[in-house]
Amino acid sequence: MGDDNRPGLHGSVLDQLGTLVVSGEYAPGQVLRIEQLEARFGVSRTVVREAIRVLESMGMVSSRRRVGVTVSVRAAWNLFDPRIIRWRLDSGERESLLRSLGELRRGVEPVAAALAATHATPEQCGELTGAVMRMAVHGKSGDLEAYLAADIDFHRTLLEASGNEMLGALTTVVAEVLAGRTHHHLMPVLPEPVAIRWHAEVAQAVQAGDPVEAERAMRDIVEEATRAMVGD
């Protein structure tokens, strides 16, 4: 087991274990033995235990002495953890998860946009405008990774600009949705110009202090994105 210090080994085992739990191959109530996991992944007990500790912190498993590691029911999971979202997007439940996340975004981001029109700082207004400009440039060139980075910057800034720390804490959730859309090829080769225009309208409304217009434009963004991903 001399390779256990190589970079990425712990993360690889964690990803594999998380994927097995999310997929149901390791079902709720199933007891996992450390020695069986060692053999399955070909790693040391230390690496397995570290991965188990992380899964336990996410509510996906519970560990008890003389019992072993028990897979938890989904209701116990931290469903907002970005790693769980990523694993679920990689699974067969992608469409249902995207639908749920779209509904969450519909309930959150328009409200955040309205609040941002009241609370955004001049610096945050500048960040929103800059993100839209980068989206326009990269959307036209077809550089989807650069477009994604700008899109994430826009939504992160907007949620933080709401002035509500609970909304700001959802940044990682929204970022995983946006990344999943790109990495699972649910984006057009060239992003829709209308989507970029709506982002610009949100930025303009926030800068103008117009909560009604900011909320309206953000609702258009989220609803169109959800329709495009789940085929509604």
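Coordinate-derived values only; no laboratory data. All values reported here derive from a predicted model rather than from experimental measurement. Every residue, glycine as well, gets a Cβ built from its backbone with ideal geometry; the counts of neighbours run over all protein chains shown.
Taking every C-alpha pair closer than 8 Å and separated by at least 6 residues, the mean separation divided by the residue count of the chain gives a relative contact order of 21 percent. Just name one of 203, 229, 69: the one whose Cα is farthest towards the positive end of the charge dipole of the chain (beta-carbon charges, Lys/Arg +1, Asp/Glu -1). Of the options given, the answer is 69.
Under 18 Å from a label point set 7 Å out along the Cα-to-Cβ vector of residue 190, the amide N atoms of segment 135-159 belong to 135-148.
Net charge in the neighbourhood of residue 62 (other residues with Cβ under 12 Å of its Cβ; Lys, Arg +1, Asp, Glu -1) is +2.
With respect to the chain, whose longest principal axis is taken over its alpha-carbon atoms, helix 144-161 is tilted by about 80°. Pairs of Cα atoms nearer than 8 Å and 6+ residues apart set the relative contact order; for segment 93-167 it is 43 percent. The Cβ shell under 10 Å around residue 217 holds other residues with a net charge of -2, Lys and Arg each +1, Asp and Glu each -1. Each Lys or Arg adds one and each Asp or Glu subtracts one; over the other residues with Cβ under 9 Å from the Cβ of residue 19, this totals -3. Under the criterion of Cα pairs below 8 Å and six or more residues apart, the relative contact order for segment 28-120 equals 23 percent.
Going by alpha carbons, how many degrees (0 to 90, nearest 10) lie between the helix axis of 9-23 and the longest principal axis of the chain? On a 0 to 90 degree scale, this one is about 80.
Rounded to the nearest whole Hz, the Karplus-based 3J(HN,Hα) values (6.51 cos²θ - 1.76 cosθ + 1.60, θ = phi - 60°) of segment 66-80 follow the sequence 6, 10, x, 9, 10, 6, 8, 5, 4, 4, 8, 6, 7, 5, 8, with x at glycine and proline. Here's the picture: charge each Lys and Arg Cβ at +1 and each Asp and Glu Cβ at -1 in segment 1-146, and of 23, 104, 118 the one pushed furthest to the positive end of that dipole is 23. When peptides 88-100, 171-183 are ranked by their average number of other Cβ atoms within 10 Å per residue, the highest-first order is 171-183, 88-100. Against the longest principal axis of the chain, how steep is helix 122-141, in degrees 0 to 90 to the nearest 10, with axes from Cα atoms? For helix 122-141, the angle is close to 80 degrees.
A simple spin-label model places pseudo-atoms 7 Å from Cα toward Cβ; at residue 103 and residue 166 they are separated by 1.9 nm.
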